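Asker: So that we are looking at the same thing, I have put the structure below in structure tokens.
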Amino acid sequence: MSTTASSGPGVAVMADDDERNSVSFYLRSSVRQRSRAAFEATKQHESDQSWSDLMEKALVAELERREALYNDGRPYLGGPERLTPGRRPRSEIASAGEHGEAGTAVAQ
């Protein structure tokens, strides 16, 4: 998907050759279900080729909001470095402990 962010000084534009990467993150079930339903209901109107297209559009909109608010509208520049992983949700930790996964501590 080639996307052009809203016009303005310092706004990043994703080039046609911008490589797509698979990402993995936690998402609440209710948000996932709602977003998939919205995708199915609106994909023809929004020209989404996939659910990933919708997720990318949502992420770009939030990035632009934060860049406008905190960085004078300029894009934050990043590199290939991995982000520090977040903590696993308590429910996932408890569930893993109940299933006997090795090395998993269950908070009591």
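Asker: Residue under question is SER29, and the condition is that it be under 26 Å from THR84 (Cα atoms) and either open to solvent by 100 Å² or more (accessible area, probe 1.4 Å) or at pLDDT 95 or above (or both); does it hold?
Answerer: So SER29 fits the description; yes.
Asker: Restricting to region 54-100, name every residue that is under 25 Å from ASN21 (Cβ atoms) and modelled with pLDDT under 75.
Answerer: GLY86, ARG87, ARG88, PRO89, GLU92
Asker: Another question, then. Name the residue that is surrounded by the most Cβ atoms within 10 Å (Cβ to Cβ), counting only residues in region 63-78 that are outside any loop (DSSP other than H, G, I, E, B) and more than 17 Å from the chain's Cα centre (by Cα).
Answerer: Within region 63-78, the subset outside any loop (DSSP other than H, G, I, E, B) is 63-70.
Cutting the leftovers down to more than 17 Å from the chain's Cα centre (by Cα) gives us 68-70.
Values: ALA68: 14, LEU69: 9, TYR70: 10.
Once the filter is applied, the top-ranked residue is ALA68.
The values are calculated or read from the model by the stated rules, or taken from the named source; none is laboratory data. Everything numeric here is computed off the predicted structure, so don't read it as measured data. When we count neighbours, we look across all protein chains shown, and the Cβ atoms used for this are built from the backbone with ideal geometry, even at glycine. These area figures cover heavy atoms from the full protein model, side chains too; ligands, DNA and RNA do not enter into them. Shrake-Rupley method; radii C 1.70, N 1.55, O 1.52, S 1.80 Å.
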